[in-house]
Amino acid sequence: MTESYKTMGHLEKILREGKFAVTTELTPPDSANPQEVFDEAAMLANVVDAFNATDGSGAHCHMSSISICSLLTRQSHPMVMQISCRDRNRIAIQGDVLGAAAMGVSNILCISGDDVSAGDQPEAKRVFDFDSIQLLRTIRIMRDKGMFLSGRKLTEAPKVFLGAASNPYMPPYDWRALRLAKKIEAGADFIQSQYCYDVPRLKTFMRQCGDLGLHELVYYLVGVGPLRSEKAAEYMRTRVPGVHIPDEIVDRLGKTPKDRQKEEGKRICVEIIEQVKEIEGVDGVHIMAYKQQELVPEIVEEAGLLPRPLRDNGG
Amino acid sequence: MGLGRWIRDKPAFLERAYQVSYATIKWLRPLILKLGFKRASRLILPVERFSKRLLFDCKMCGQCTLHETGMVCPMTCPKHLRNGACGGVRSNGNCEVIPEMRCVWVVAYERAQDMQIFGPEMISIKPPANHTLTNSSAWINKISELDQSAPKGWAEIPHNPVIEKKFLDEDS
């Protein structure tokens with residue numbers, strides 16, 4: 001990856017410098033109070049390199065991704081705005097991309113999105129005008145060619161580093177590395193993967209990616225997260241789409257006394273980070289600690305990932 | 001639906017059938033041009049709708065990609081993904097949205113393994129669906145090349161040279 005920088009952003013900079021990146025997902029508030037967003041960001045600013053603002057994850061409505069980005073770019077936090085294809089069509093999405101870049105968002109993660117049936121408003125209409133790959137390609141057209149998908153010219157192109165998801169833990173297994181190649185071809189610069197609880201499976205996948213020559217083409221951040229309890233693990237693997245948690249992990253939590261399960265969940269997370277750090281082709285971790293954000297500083301510290309590189313620019 | 005299901009499990013046969021029907025449509029092109037696309041559509045649409053619904057549960061998107069997606073209709077995916085599979089697939093290979101249904105893209109990938117001619121096309125990126133073509137004849141749209149009409153910006157992006165060398169050259 002020798003071409004020139006695509007953005008002025010911190011995340012792209014540290015990845016290109018070969019530093020191991022740490023990103024985390026903020027818990028979007030069910031609230032109109034901006035202070036909740038500011039407080040969480042302040043707590044985590046020194047332990048991660050960028051914040052993801054999720055876009056209705058699990059098909060549940062929370063404060064929107066673009067508005068969280070609007071609040072936090074004002075404080076010069078490096079942001080990853082997530083765009084899901086579930087709720088907006090191509091006209092709305094391209095407008096949001098321009099607005100996000102104008103506010104100083106340097107990274108956009110393109111995902112298909114959990115289906116409406118996963119959330120608390122399953123009667124909603126699903127949009128899916130794009131899939132994640134078409135979304136990636138469309139934003140790339142905007143950035144690299146300075147035009148909308150229709151060909152209409154932009155007077156200033158959005159300078160964004162393009163992210164995509166990857167889920168090696170679900171079938172069709174042999175297709176997953178090839179689909180990653182498709183995402184790279186569409187424009188993915190970096191990947192933030194689904195939760196990893198199955199390190200051997202990740203190793204196999206990364207080897208397949210290596211054989212295809214993909215390691216040099218994309219920065220791969222492995223998704224990790226602490227499990228709160230045995231019950232939470234069971235809920236996640238049965239109810240949350242795309243999450244694979246092997247029996248060993250659930251059993252390990254089950255054998256731990258209830259009051260110490262949260263601590264054990266954190267320890268498992270730290271162990272997984274230590275293991276994935278050693279895998280060829282892994283460039284960082286993406287910590288998803290839904291409603292357990294207070295654990296993120298401890299996880300980053302215990303995994304030996306402090307101090308984080310200094311931020312010398314915004315976005 | 002017995003016949004439909006039986007024949008769907010014969011992807012190698014289906015891709016040959018696709019080749020034959022494509023050749024037939026190309027052969028009929030002068031006649032279709034003489035009739036005009038509108039009139040030809042009126043004749044062809046009922047046949048196309050009946051046969052493709054029976055065989056593929058076709059949703060009449062008007063831009064058929066069947067041969068590039070393992071002879072499985074991507075519009076039968078509840079998220080209408082034309083470049084699947086998504087990350088929501090269940091560990092048993094079933095759909096996130098309809099738990100009792102096999103994921104359309106798991107099936108597509110399996111069938112593409114048996115397809116010598118078009119199987120490798122799974123890797124090509126399909127452009128966003130053109131919703132103005134919904135309920136029109138994909139066969140006519142093939143001849144008029146309307147189905148190739150991706151948005152203007154779409155073709156502007158060059159292939160990634162490494163990916164192109166790895167997949168697109170070898171496959172051709």
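For the reader, a short list of remarks on this structure follows.
- About the Cα centre, charge dipole magnitude for chain A (Lys/Arg +1, Asp/Glu -1 at Cβ), debye: 820
- Residue (of A:M147, A:T256, A:L15) at the positive-pole extreme of the protein assembly as shown, dipole from beta-carbon charges: A:M147
- Translational D in µm²/s for segment A:10-302 (Stokes-Einstein at 10 °C, 1.306 mPa s, Kirkwood Rh from C-alpha pairs): 82
- Degrees separating the helix A:90-103 axis from the principal Cα axis of chain A, which is the longest one: 90
- Each Cα pair under 8 Å and six or more residues apart adds its separation to the average, and for chain A the resulting relative contact order is 21 percent.
- Other residues with beta-carbon under 11 Å from the beta-carbon of A:L44 carry, at +1 per Lys or Arg and -1 per Asp or Glu, a net charge of -4.
- Dividing the Cα radius of gyration of segment B:90-172 by its Kirkwood radius returns 1.03 for Rg/Rh.
- The mean sequence distance of close C-alpha pairs (under 8 Å, at least 6 residues apart), as a share of the length of chain B, puts its relative contact order at 26 percent.
- Protection proxy ranking, peptides B:83-93, B:47-57, A:64-74, average beta carbon neighbours within 10 Å, highest first: B:83-93, A:64-74, B:47-57
- Shielding score for A:81-87, defined as the mean number of other chain Cβ atoms within 10 Å: 1
- Angle between chain A longest axis and helix A:199-211 axis [Cα atoms, degrees, rounded to 10]: 40
- Reducing segment A:281-300 and segment B:108-162 to their Cα centroids gives an inter-centroid distance of 39 Å.
- Stokes-Einstein diffusion for segment B:1-106, with the hydrodynamic radius set to the Kirkwood value over Cα pairs and evaluated at 20 °C in a medium of 1.002 mPa s, equals 139 µm²/s.
- Entry note, the protein assembly as shown: the mean residue ellipticity at 222 nm calculated from DSSP H runs of n ≥ 4, each adding -39500 (n - 2.57), is -12000 deg cm²/dmol after division by the residues and rounding to the nearest 500.
- When the charge dipole of the protein assembly as shown is built from unit charges on Cβ atoms (+1 for Lys and Arg, -1 for Asp and Glu) and taken about the Cα centre, the candidate among A:M81, B:L33, A:H62 whose Cα reaches farthest toward its positive end is B:L33.
- Summing Cβ point charges (Lys, Arg +1; Asp, Glu -1) relative to the Cα centre of segment B:26-165 gives a dipole of roughly 660 debye.
- 5 angstrom amide H check on A:H286, placed H, neighbours 5+ away: A:T23, A:V222, A:G223, A:V224
- Taking the average, over residues, of other Cβ atoms within 10 Å as the packing measure, peptides A:162-174, A:197-209 rank A:162-174, A:197-209 from highest down.
- Shape category assigned to segment A:1-160 from the gyration tensor of Cα positions, a/c cut at 1.5: oblate
- Partner shielding of B:148-159 amounts to 5, given as the average count of beta-carbon atoms from other chains within 10 Å of each residue beta-carbon.
- Partner shielding of A:165-171 amounts to 5, given as the average count of beta-carbon atoms from other chains within 10 Å of each residue beta-carbon.
Values in this text are rule-based calculations from the coordinates and carry no lab data. It should be emphasised that the depicted structure is a prediction, and the values quoted were computed from it without experimental measurement. Positions of Cβ are generated from backbone atoms using ideal geometry, with glycine treated the same way; all protein chains shown enter the neighbour counts.
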